[in-house]
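Notes for the one structure printed next.
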Amino acid sequence: WCELLGLTQVGRHDNFFELGGHSLMAVQLINRIQSDFLVNVPISAFFRSPTIFELSEFILSAQTEMSEDTEIDEIKKLIDSMSPEELALFLKEGSN
């Protein structure tokens, strides 16, 4: 934020737009965030969460959701690769 806004210090509760940021800068910042944190940040989310604190909560939530989706996909692949007998045994062992 400091580099983009030309400031030496930014607090975690400082509002990006109140510090002089505008929509073009917001798009640049979102591109950097998406590249660095590998999460999708819609511009609308940034406008709703224009502080470092709020945005970090959004990023953490998005990363957690991505992680859970990945785990679910892996479980689905495992189940799809099992024979009916293996699946029955797996489910039986899981219920004990």
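The values are calculated or read from the model by the stated rules, or taken from the named source; none is laboratory data. From a predicted model like this one, the values you see are computed outputs, not experimental measurements. Note that each Cβ is placed from the backbone with ideal geometry, even for glycine, and that neighbours are counted across all protein chains shown. The protein model used for the area step is the full one, side chains on, heavy atoms only, and it has no ligands, DNA or RNA in it. Shrake-Rupley method; radii C 1.70, N 1.55, O 1.52, S 1.80 Å.
Here is the figure for segment 1-23: residues that are of a type in the set (Gly, Ala, Ser) and within 21 Å of the chain's Cα centre (by Cα) total 1.
Say we look at segment 24-57 and pick out the residues that are of a type in the set (Gly, Ala, Ser) and surrounded by 11 or more Cβ atoms within 10 Å (Cβ to Cβ); which of these is nearest to the chain's Cα centre (by Cα)?
Ser56
List the residue pairs whose Cβ atoms are under 8 Å apart, where the first residue sits in segment 1-22 and is closer than 14 Å to Ser56 by Cβ, the second is open to solvent by 70 Å² or more (accessible area, probe 1.4 Å), and the two are 6 or more positions apart or on different chains. Listed by first residue and then by second, the contacts come to Arg12/Phe53; His13/Phe53.
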